[in-house]
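K.L.:
Quick one: structure below, then a few questions.
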Amino acid sequence: MNTTYEWLYDNYALPRLEELRNAGNAQMELLVRDFPLSDWNCIEVLDQLARLRSQWGEEVFALGVQLGMQLTFFSGHDM
């Protein structure tokens with residue numbers, strides 16, 4: 001990987017991603033605590049929420065890549 005990209009990831013993206021993950025985990029745990037669930041059911045609900053978060057993150061990433069490619073394409077052509 002390009003050293004500039006590595007630096008940006010390590011110093012900008014990674015800390016922010018960790019903050020977002022920790023905040024999301026805290027919100028999910030607060031949500032689960034409000035329901036009368038067994039320990040096993042709490043784990044199942046948290047697992048499902050984590051799967052949804054991962055799926056949505058992948059979809060948003062893919063949309064961002066598509067948008068970036070389109071902007072790159074259009075910036076190289078006269079409109």
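The values are calculated or read from the model by the stated rules, or taken from the named source; none is laboratory data. No experiment lies behind these values; they were computed from the predicted model shown. Reconstructed Cβ throughout: ideal geometry from the backbone, glycine too, with neighbour counts over all protein chains shown.
K.L.:
Output yes when any residue across segment 44-53 is exposed (fewer than 10 other Cβ atoms within 10 Å of the Cβ) and over 17 Å from the mean Cα position of the chain (by Cα), and no when none is.
P.N.:
Among the residues of segment 44-53, not one is exposed (fewer than 10 other Cβ atoms within 10 Å of the Cβ) and over 17 Å from the mean Cα position of the chain (by Cα), which makes the answer no.
K.L.:
Moving to a separate point now. I'm checking my understanding of the structure. Among residues of segment 55-79 that are surrounded by 10 or more Cβ atoms within 10 Å (Cβ to Cβ), of a type in the set (S, T, N, Q) and at pLDDT below 90, which one is farthest from Ala23 (Cα to Cα)?
P.N.:
In this case the residue turns out to be Gln70.
K.L.:
I would also like to ask the following. Restricting to segment 1-43, count the residues that are aliphatic (A, V, I, L, M), surrounded by fewer than 10 Cβ atoms within 10 Å (Cβ to Cβ) and modelled with pLDDT under 90.
P.N.:
1
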